[in-house]
1. For V343, are the conditions met, namely being away from the ligand (no atom under 14 Å from the Cβ) and in contact (Cβ under 8 Å) with a residue 24 or more places away in the chain?
2. Step by step: first the residues of segment 178-234, then only those that are within 30 Å of S76 (Cβ to Cβ) and among the aromatic types (F, W, Y), then the one that is least open to solvent (accessible area, probe 1.4 Å). Which residue is that?
3. Is it true that T150 is of a type outside the set (A, V, I, L, M, F, W, C) and at pLDDT 60 or above?
4. Please verify whether segment 364-382 includes one or more residues that are open to solvent by 10 Å² or more (accessible area, probe 1.4 Å), β-branched (V, I, T) and farther than 18 Å from L238 by Cβ.
5. Need the failing condition index for T419 against (1) farther than 25 Å from S69 by Cα; (2) open to solvent by 10 Å² or more (accessible area, probe 1.4 Å); (3) β-branched (V, I, T), just the number.
6. How about segment 308-317: which of its residues are in contact (Cβ under 8 Å) with a residue 12 or more places away in the chain and either near the ligand (Cβ under 10 Å from one of its atoms) or open to solvent by 30 Å² or more (accessible area, probe 1.4 Å) (or both)?
7. Tell me, which residue of segment 392-404 that is aliphatic (A, V, I, L, M) and open to solvent by 10 Å² or more (accessible area, probe 1.4 Å) is modelled with the highest pLDDT?
8. Condition test on M424, is it open to solvent by 40 Å² or more (accessible area, probe 1.4 Å) and at pLDDT 75 or above?
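The values are calculated or read from the model by the stated rules, or taken from the named source; none is laboratory data. Everything numeric in this text was worked out from a predicted model, so none of it was measured. Note: ideal-geometry Cβ built from the backbone for every residue, glycine included; neighbour counts use all protein chains shown. Note: accessible area is taken over every heavy atom of the protein model, side chains too, but ligands, DNA and RNA are not part of it. Shrake-Rupley method; radii C 1.70, N 1.55, O 1.52, S 1.80 Å.
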Amino acid sequence: MSKKEKKGFALHTKILAGLVAGAVAGIASNALWQDAPALTWVVDNVAQPIGQIFLRMLFMVVVPLVFTSIALGVTSIGDVRKVGRIGGKTLGFFVGTPTLAVVIGLLLVNIVQPGHAIDPAVRSALLDTYAADAASKVDAAASTSFGINTFVNIVPRNPLDSAARGDMLGLIFFTLVFGIALAKLPESVSRPVIKVIEGVGEAVGVMIGFAMKLAPIGVTALIFGVTARFGFDVVQSLGLYVVMVLVGLTLHLVGVIGTLARMITGIRHADFFRRIRALIVTAFSTSSSNATLPTTIRTAQEEFGVPRQVAGFVIPLGATLNMNGTALFEGMTVLFLAQVFGVDLSLGTQAIVIVMSVITAIGVAGVPSGSIPLLVMVLEMVGVPGEGIALILGVDRILDMARTVPNVTSDLLTSLFITKSEGMEFFAETAEEAEAEAVAATTA
Ligand code: ASP
């Protein structure tokens with residue numbers, strides 16, 4: 001929590017308050033004055049414009065955000081490649097573990113279907129409102145049928161045109177190649193360019209902060225607009241969605257990360273999670289992989305004996321590139337909102353959701369709500385209205401806190417894997433355990 005936030009209510013409290021206030025006001029207005037022209041006027045001329053300005057503040061940072069985070073990520077991978085083998089294995093983990101996470105998330109949403117808990121009448125009303133928009137996106141997606149051109153089209157003719165059209169794959173491809181080229185240049189040439197991109201990236205981070213400052217009022221307006229039109233039913237399925245995301249994150253944290261840690265180190269689940277207590281608390285309370293970075297490195301070194309060069313190399317990279325919880329959250333949210341808006345996502349489209357959740361999670365900045373602008377992008381990409389974000393923003397703080405925990409824990413896990421696979425030593429037991437054993441041995 002920043003100093004400024006400490007003075008008043010914290011931002012997440014205000015967003016939550018905004019969500020509740022907007023929803024209560026909207027539901028009450030719907031019950032009292034449903035279809036009254038004055039209510040429609042307020043929705044169209046007050047709530048909608050405010051909500052749109054907030055959404056556009058998020059949209060407008062997407063292009064510079066994708067460019068700066070991926071370019072900077074790749075230039076640091078340029079160093080990784082010098083270390084060859086370690087770099088390859090690290091990147092393998094950074095793609096493999098979030099993929100497992102999204103698959104868990106998508107399975108849960110497909111099985112439990114939280115978005116279908118919504119009243120069909122409300123859903124069809126929502127559909128009517130957003131159908132044209134969604135249909136044009138779906139048409140656009142369908143017109144580029146899957147084939148050899150799918151791959152050819154990833155290479156943009158003109159990256160500025162790709163960015164302007166919201167063709168993120170084109171922009172991402174250009175940025176990847178640009179980053180690789182930058183990493184190949186002599187440091188005297190690349191350093192100033194990287195410094196500029198870092199500066200732009202930081203400014204973009206501040207801009208996300210501005211957008212998020214608007215979030216309490218933006219969320220109030222967006223949720224009011226939706227509930228005044230559609231009443232209470234629209235928010236009913238939100239509770240189930242939050243529970244499902246938390247269940248998904250816990251399953252991944254304990255089932256995948258804990259189990260992999262056990263396979264790699266032989267350390268039992270209970271012991272593993274006891275050693276990373278401070279890490280969990282820090283990630284949970286800051287909602288930021290970057291803010292947690294010093295704790296992650298310290299935990300790896302002090303609790304597991306990961307060598308300094310491994311921890312100092314793998315973990316900062318992971319704080320930027322490796323976001324298991326975020327990928328899971330993105331995939332679940334896209335599917336949930338698709339269910340709410342009645343957009344049918346085929347298996348092929350769900351595969352795109354998996355790939356895009358993993359790719360965009362790589363591009364997400366390790367800051368509170370870093371994933372929201374990219375989530376909007378994935379939603380639009382598969383034909384789900386970006387406005388759907390209004391439904392979940394009010395509960396996002398708790399989800400953000402929760403998803404940051406697997407984000408940082410998987411960075412630690414990767415450092416354990418690299419240590420083990422490079423034949424280096426780590427502590428199978430903690431310092432206290434070793435001490436207790438040593439005491440026992442001398443007294444015996
Ligand atoms: N808050 C997350 C992190 O820093 C990013 C996100 O998913 O918004 O890891």
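1. yes
2. Only one residue tops the list, namely F178.
3. Working: of a type outside the set (A, V, I, L, M, F, W, C): yes; at pLDDT 60 or above: no.
For T150, the condition - of a type outside the set (A, V, I, L, M, F, W, C) and at pLDDT 60 or above - is not met.
4. Pass one, segment 364-382, residues open to solvent by 10 Å² or more (accessible area, probe 1.4 Å): 365, 367-369, 377, 380-382.
If we keep only those that are β-branched (V, I, T) as well, we get 367, 382.
If we keep only those that are farther than 18 Å from L238 by Cβ too, we end up with 367, 382.
Looking for residues that are open to solvent by 10 Å² or more (accessible area, probe 1.4 Å), β-branched (V, I, T) and farther than 18 Å from L238 by Cβ, one finds at least one in segment 364-382, hence yes.
5. (2)
6. G312, F313, P316
7. The residue in question is A402.
8. For M424, the condition - open to solvent by 40 Å² or more (accessible area, probe 1.4 Å) and at pLDDT 75 or above - is met.
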